[in-house]
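What follows is a short report on a single structure.
No lab work stands behind these numbers, since they all come straight from the coordinates. These numbers come from a predicted model, not from an experiment. Note that each Cβ is placed from the backbone with ideal geometry, even for glycine, and that neighbours are counted across all protein chains shown.
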Amino acid sequence: MGISDIMPAGWHGRARAGLLACTVALALPGLSLAQEQGQPDRPAWADNRWGEGDQLGAANHMTAERTRLAAELVTTGKVYSLGIVVGPDTPAFPPRSLALTVLQPGQTDNSGLGDNAFTYNDDIFMGWLGIGPQIDGLGHAGEDHVYYGGRHYHDFAPASGLTELGLDQLPGLVGRGVLLDMTRHFDTPMVEEGVAYTEDDIRAASEAQGVELREGDVVLFHSNWMELLDGQNADPERFGAAEPGLGVSGAEYLAGLGVMAVGADTWGMEVVPAETEGEAFRAHQILQAHHGIYILENMETRELAADGVNEFMFVLGQARLKGAVQMMINPIAIR
C-alpha cells in the first residue's frame, strides 16, 4: 500500500503544488509572502517568554526539579514503548515516503575482513523523517512563513537544513507524562474522525481521571485510532483520511497551562477536518509557532490506556541530526 492508497482525494494535487512552491522558493530566495503583501514583519505572537533568540521553546520547562518529580512517578518499573513499527507501507502525510536498503559493503566476492572473516550488514535510509511516530521540532509549523520567535523561513530554513530551531538543538524531553483517555471521556471504543478535543473536553477528561495538568507536562491523547492500523477491523485508508484530535480551544488551553509537548495516537495530532472550514492545522500553529510547544504524532497509547495509567515518567532522546525539522522517535513511558 502506498501513500496514494491511504490519503483522501485531492491531497496529492495540493502536495505537488506545495513541492513546486518550495522548489521555486529555494531557487528564488527573497521576501516572504507576508512581506510582499506589506504585512507587519513581526507578528504580535512572535514575542515569547524566553526572549529573543531562544531555540528551545517549551523545553525550557525541563528543569532538574521537574525531572526528579517525574522520576518519583515510577512505582512498578513497567516500561511502555510509545513508538510504532515504521515501514514503506506506514500511512504518512503526502508526499512523504521511505525506503530501506540493506547491503554488505565490499563483501560480495570475499569472506569479509581479517583472518577471522568478519562480515556485517549495513543499511541505507532514504525518505522523509516525518513518518510514523515522530516529533515535530519548532521549525516545523509556521504562519505565512513565520515561525517560532518571529523567524522567517528564508532566514533559517535553507534546503541544506535548519540553521535555527533544528532538533539538534533539543537535548531530549524528560518530564511528567499525562495520558487523557478520550475514549473514556466520549464513552466510545474509538473516537470518531472530526471530533475535536475542546478546552471543556480536556478539563472534564482530566477531572474524571483525577489528574491535574501542570506546567512542563507532556500531554498525550488516546482515541484508540491505532486500531485502524492493525486492529481486528483495520482500515488504513480511514486512518489516513481524517482523525479526531486537539481543537483550537484545547490548544489554547494547553498552551496557557505551559505544557512542554502534546501528542496523540493519530497521524496529525489535531482534529481533521478542521473545526472551521478552510483552516488547516491551526492547533499546530498555536502550539508551535505561537508557544514553542513540541508535537508528538502516531504515539502508541493503547497499552497505557488498557492499564489505566494516568501519569508516568516520559523519556525521549531523539536523534540529533543537524538541521532536522522532524524525527522518527520511540519515546518511553515508565510507570
Item checked: Mean projected area (nm²) of the alpha-carbon convex hull when the range 36-102 is viewed from all directions -> 10.6 nm²
Next item on the list: With θ set to phi - 60°, apply the Karplus curve 6.51 cos²θ - 1.76 cosθ + 1.60 along the range 223-233 and write out the HN-Hα couplings as whole Hz, x wherever there is a Gly or Pro.
Entry: 10, 6, 5, 5, 4, 6, 8, 9, x, 4, 10
Next item on the list: For an R0 of 56 angstrom, estimate the FRET efficiency from the Cβ-Cβ distance between A306 and H154 and round to the nearest 0.05.
Entry: 0.75
Next item on the list: When a/c is below 1.5 the answer is rounded, else prolate if a/b is larger than b/c, else oblate, so apply that to the chain with a ≥ b ≥ c taken from the square roots of the Cα gyration tensor eigenvalues.
Entry: rounded
Next item on the list: Compute the length gained on full extension between W128 and E277: take 0.36 nm times their separation in residues and subtract their Cα-Cα distance, giving the result in nm to one decimal.
Entry: 50.8 nm
Item checked: Equivalent ellipsoid, the range 172-313 (semi-axes from 5 times Cα gyration tensor eigenvalues, Å) -> 21, 19, 14
Margin query: Which of rounded, prolate or oblate describes the range 210-290 when judged by the alpha-carbon gyration tensor and an a/c cut-off of 1.5?
Written below: oblate
Next item on the list: Starting from the Cα coordinates of the range 130-217, work out the convex hull volume and express it per residue in Å³.
Entry: 162 Å³
